[in-house]
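The values are calculated or read from the model by the stated rules, or taken from the named source; none is laboratory data. No experiment lies behind these values; they were computed from the predicted model shown. Positions of Cβ are backbone-derived with ideal geometry, glycine not excepted, and every protein chain shown enters the neighbour counts.
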Amino acid sequence: MSVKFLFFGLMILGFTHCAGTSHHEEEGFVSETREGLHDGVYQIDARKYQLKNGMTVILSRNPKLPVFSIYTFYKVGSKNENEGMTGATHFLEHMMFKGAKKYGKGQFDKVIEKNGGYSNAYTNYDNTVYYEKMPISALENILDLEADRMQNLLLEPIDFVNEKDVVLEERKMRYENSPRGQIYIGVMNKVFGGTPYETPVIGKIKDIKTVSRNQVYQYFKDFYAPNNATVVIVGDIDYDDTLSLVREEFEGIPPSKNLTKNQKNLHEEFKKSNFKKNATDHFFGKSENPLFVLAFPGVRYGTEEGYVGDVLAGIVAGNRSSFLDQKYVHSAKPILSSISASNYTLQYDGTFFITGEMIHNIGLNTMRDKMINDFKSFCKNGIDERSVQKVKNQYLIQFYNELQTNGGIANYLGTIENYLGDFTKYVDEIKKYQAVKVNQVKDFCEEYLVKNNHYFMSVWNKNKKALKI
Amino acid sequence: MKILFYLLCVFSINAFSALDYGIVNYDWDGLDVVWVEDNKFPTYDIIVYFGEGALGDEKKREGQTSFMFDLMSHGTDKYSQAQLADKLDFFGTSFGSEVTHEYSILSYSGLSKDVLPVTELLCHTMRNATYPQKELDSYRSKVKGSLKNLVANHGSLANRIFRRVTLDGTPFSTETAGNLSSIDNITRESLLGMKDYFNNRVYKKVFITGPSDVLKVKDLFIKNCRWGGKDLYRRNKIANVKADLSKKTYEKIPLYFASVKGANQAQIRVGNALPTDFFKGDSYNLSQLTSTLLGGSFTSLLMQELRVKRGLTYGAYSAAAPQALYGRSVLSTSTRNDSVLEALYTIRDTLQSLTEGKVDSEKIEGTKQYLKGNHLLQFESNYSFLANLVTLDHLGIDYSEIKKFPAKIDSYSREQVIQLAKNIFNWSSQLVFVLGDNSVKEKLLKSNIFDVREINVTNYL
């Protein structure tokens, strides 16, 4: 850190502290971070409020452009689905664009686009997130639109039937016809076997076809409520005006009384994991080159170990100078065309996995054994100060890149809020990354990549066994 | 930056140039430089534009320029591949290149405190790359592996084949990354020659965004890269590529079919090559409006007809994309094997309805609003802003067009949109490509509106 930069940061700190603290007394104010470099961490100007109905609101002013992004997080993901309803969360996400009481059938996208904006959504194991990126002039209109679909979704029967075909086509495109998609679903099914994460977010084909309107409507009623939502607005906003608008649109929506029951604690379900023994599967897939995943049980999001695992992933693979990249991709006789490592942390569980594509076929089981064997010496001798610092530097740049757009900031703050319960914990998170020590990384490596069980899966057009996803 | 964008937002065209506040031009000893000041974060983005692309590849060595850039950090007279990788990764540098037919870019970004050592390294690799034989062999083997595996990625494979189908017989038909046979002919010597050509004879322009500190790189660009100079070659200003992109109309639409065994979803592409005249003057922005109306957003005609009304696809889009020397229109979607004909007929009906003017004015006005708003959103990230400047520069369009865009979009009449649609998306002058399971072919042969021609996927790798 240059002295000049630190000084600049301190100046901002002084200025923002003088700027007044009156919003602390505002009704519903919970917490904030203020723009500038504080404690060695660049912080965002952002405030969190809680409405009377339990809805969390995070506002962040970024006056760079006269635009804003709004991200609405619902704490519902595929982990909440019951048997026979797999894919319902994702399917409901599609239906949320099909019309509500005030903005009827076909109106949602028209309103968004006529206002010069863009809208989309994503669903994962833990959350469903809707977002709009718009010129600031549309703020009031978009809040009205979001509030309308939060409480009054139509689920129009013809659209309901048509959209099933759309989702089935999406499933083919992303997973069935993509070897990488196939192996992802296959590995997650094995690694999280016996737990709510074992089924694909997009759902089983049979369930997508058979889920009824009533079931999806009940699911909507169970989880789409203000006390299960976090709305994050980032852009060229005025804090007071925006908060008033949000209150006007959302505070009248009644909270769900059954939410605690519906949002049941799933910790018990995750104890049923059947990932116990080392295992290998070779499945048929359309890939000319063998694709493989070597997965290990991991840790859930937000734990101290999780940050260490993230650093380890960057040292193991994914950067050109990473261990496995140098050994298998950039060697004189490369065996792999690509390799990556991921410390995949979810709300209740996680996995550390390595994905590779072979170009020189030395045999899949040989590849697996070589790599597992590699880790024994790597975990002891392959991790040093420079390799750890390298990944820390990359994380810092990634963080700044995330903050380049309103959408990036909103998604980042909303994710931290949803997983850790308070968006301001992003500051601790950055500090934790910067504080990771070589020994911690070595210990994690030893514990999870050497001592632990593993699961290995390949997908290749020469394999015989069919993978049903 | 902020002032510039507020002016953009209100769409005003003032007598003074709002752009003067955000964009500064420099001449660093003959090297053109553009700086966009941004003090928000201690980071920088730099793009180096080279006025030559894959059209400069030697015959039968297509992919040479891509290889030259991709391998430049794989060994120099001072550092090995592993050492260079370690240094770049240590600075957290995001480093990449992109080669189009007409130009190339080298881009890198990171923390502004590290801009000097990283730029020094960039100049060093660009000047002193040695292209070690083992690195070349290793890289070639990986590229070939990826090309062979394209058969497993139906969307990318369809894009690749359709490019060849629409631009066949022109220098633009080959992928910039080359093909299985051309990359076998790339040698160390040819890469060293190409590197010298790019260093010494090709025009360059540097685009920088970040705090003023980042401008310290000036000396490095002048003394280490040594990229300034006069009379340097720029592909977009020398029209030595005579491509026959004249439009034809067909009584029976040529439909190229490629079979991929076991595919449970068919890829569909519709489009054709376009003469660059389509993109001159007003047509450049007008073509964006027209293709967005057809398939550039969720409420576009194709998305409504194919996805919303019929549930035939997950996505559909259209684009009319210009380069300086050629253009191309593409409609792209995928659908179930048993609904290929229904999807194709829907595309045909949608195109005909647009070109016959059966589209309501409200829809066109809605698309205008969408385009204007999204125009602003694309300038959120610094890299995206710089990339826009690079494109405008290459096409010879003044940066002030950024500011004029909203007013221009507003000025287009319904008639102009429909006329341009007739020129670009007239059904009888389209080529169609379908990639899917063999069972799809039988269905296509039953239709009497297509002249079905089967092609072999492996000839396109």
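Quick notes on this one:
- Scanning the range A:343-386 for residues that are among the hydroxyl-bearing types (Ser, Thr, Tyr), within 15 Å of A:Ala313 (Cβ to Cβ) and either outside any strand (DSSP E or B) or free of Cβ contacts under 8 Å to residues at least 60 places away in the same chain (or both) yields A:Tyr344, A:Thr345.
- Selection status of B:Ser109, within 8 Å of chain A (Cβ to nearest Cβ), of a type in the set (Gly, Ala, Ser) and assigned to a helix (DSSP H, G or I): no
- Selected residue (criterion: farthest from the other protein chains (Cβ to nearest Cβ)) from residues of the range A:142-180 that are assigned to a loop (DSSP other than H, G, I, E, B) and out of contact with any strand residue (DSSP E or B) (no Cβ under 8 Å at 6 or more places or on another chain): A:Leu155
- Of all residues in the range B:119-166, those that are among the basic types (Lys, Arg) and within 11 Å of chain A (Cβ to nearest Cβ) total 5.
- Subset of the range B:252-272 that is closer than 15 Å to B:Tyr345 by Cα and of a type in the set (D, E, K, R) - its residue that is farthest from the other protein chains (Cβ to nearest Cβ): B:Lys252
- When the range B:84-106 is filtered for residues that are within 12 Å of chain A (Cβ to nearest Cβ) and either at positive phi or not β-branched (Val, Ile, Thr) (or both), the ones remaining, listed by number, are B:Leu84, B:Ala85, B:Asp86, B:Lys87, B:Leu88, B:Asp89, B:Phe90, B:Phe91, B:Gly92, B:Ser94, B:Phe95, B:Gly96.
- Test: residue in the range A:431-443 that is surrounded by 17 or more Cβ atoms within 10 Å (Cβ to Cβ), aromatic (Phe, Trp, Tyr) and closer than 19 Å to A:Asp310 by Cβ: yes
- Taking residues in the range B:285-313 that are in contact (Cβ under 8 Å) with a residue 24 or more places away in the chain and more than 10 Å from chain A (Cβ to nearest Cβ), and partners anywhere that are buried (at least 22 other Cβ atoms within 10 Å of the Cβ) and in a loop (DSSP other than H, G, I, E, B), the pairs with Cβ atoms closer than 7 Å and at least 6 places apart or on different chains are B:Leu293/B:Ser300; B:Leu294/B:Ser300.
- Considering A:Asn319, A:Asn258, the condition of being assigned by TED's automatic domain parsing to the domain that holds A:Ser60 and at pLDDT below 95 is satisfied by A:Asn258 alone.
- Flag for A:Asn393 being at pLDDT below 95 and either farther than 30 Å from B:Tyr383 by Cα or away from chain B (no Cβ under 14 Å) (or both): no
- When B:Ala239, B:Ala320 are checked against the criterion of being at pLDDT below 85 and either among the aliphatic types (A, V, I, L, M) or under 27 Å from A:Asn115 (Cα atoms) (or both), a single residue qualifies: B:Ala239.
- Within the range B:369-385, residues that are more than 12 Å from B:Leu289 (Cβ to Cβ) and facing chain A (nearest Cβ under 7 Å) reach partners that are among the charged types (D, E, K, R) and assigned to a loop (DSSP other than H, G, I, E, B) with beta carbons closer than 6 Å, at six or more positions or on different chains, in the pairs B:Asn382/B:Asp38.
- Counting the residues of the range A:109-140 that are within 11 Å of another protein chain (Cβ to nearest Cβ), in contact (Cβ under 8 Å) with a residue 40 or more places away in the chain and surrounded by 20 or more Cβ atoms within 10 Å (Cβ to Cβ) gives 4.
For every residue, the table says whether it meets (1) under 30 Å from A:Ile409 (Cβ atoms); (2) part of a strand (DSSP E or B); (3) modelled with pLDDT under 95.
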residue	(1), (2), (3)
B:Val36	yes, yes, yes
B:Asn39	yes, no, yes
B:Ile47	yes, yes, no
B:Ser66	no, no, no
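A quick yes/no check of all residues on (1) within 12 Å of chain A (Cβ to nearest Cβ); (2) under 15 Å from A:Asn162 (Cα atoms); (3) touching a Pro at 6+ places or on another chain (Cβ under 9 Å); (4) of a type in the set (A, V, I, L, M):
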| site | (1), (2), (3), (4) |
| --- | --- |
| B:Gly315 | yes, yes, no, no |
| B:Gln323 | no, no, no, no |
| B:Leu331 | no, no, no, yes |
| B:Ser334 | yes, no, no, no |
| B:Leu344 | no, no, no, yes |
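- Checked against the criterion of being away from every other protein chain (no Cβ under 14 Å), surrounded by fewer than 18 Cβ atoms within 10 Å (Cβ to Cβ) and touching a residue at least 24 places away in the same chain (Cβ under 8 Å), the candidates A:Lys257, A:Lys277 yield just one match: A:Lys277.
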